[in-house]
Amino acid sequence: MARRARTSLATIYKRYPTRDALILAALERWMDENRYAGLATQQPGPDESIYDGLMRVFRTIFEPWERHPDMLRAYYRARSAPVVSDW
């Protein structure tokens, strides 16, 4: 990752103290870019029920996870890992 970012490992670990912190930050960025991306362009139909509208919204929110199940697994593992304190 450091090579792709054209920086050193030391620079990366100054910002992210552990490998898990780096992975979690990358996953959170991916989520920010993907999880609500499809909602901005959607418009409800004139006769759309609340149920149908909510189902459309839920499908849109979860669609990136369905297309990229490994991202969901990685996010779950990263969020479930024990937190190591800097104290």
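Values in this text are rule-based calculations from the coordinates and carry no lab data. Note that the coordinates shown come from a computational prediction; the quantities given were computed from them, not determined experimentally. Glycine also receives a Cβ, built like all others from the backbone with ideal geometry; neighbour counts cover every protein chain displayed.
Worth a mention:
- Cβ-derived FRET efficiency at R0 30 Å, Ala40 paired with Arg4, nearest 0.05: 0.55
- For the range 22-66, GluC sites (Glu not before Pro) meeting the loop criterion (DSSP other than H, G, I, E, B) and having at most 16 other Cβ atoms within 10 Å: Glu48.
- Unit charges on C-beta of K, R, D, E only; dipole of the range 18-80, Debye: 360 debye
- The mean sequence distance of close C-alpha pairs (under 8 Å, at least 6 residues apart), as a share of the length of the chain, puts its relative contact order at 32 percent.
- If the chain linking Ile12 and Leu54 were pulled fully straight, counting 0.36 nm for each residue of separation and taking away their Cα-Cα distance, it would gain 11.1 nm.
- Full extension of the segment from Trp30 to Met71, taken as 0.36 nm per residue of separation minus the current Cα-Cα distance, would add 13.9 nm.
- D_trans [Stokes-Einstein, Kirkwood Rh over alpha-carbon pairs] for the chain, 20 °C, 1.002 mPa s, µm² s⁻¹: 137 µm²/s
- 3J(HN,Hα) couplings calculated from phi for the range 63-69 with the Karplus curve 6.51 cos²θ - 1.76 cosθ + 1.60 (θ = phi - 60°) are, in sequence order, 4, x, 5, 5, 6, 10, x Hz; Gly and Pro show x.
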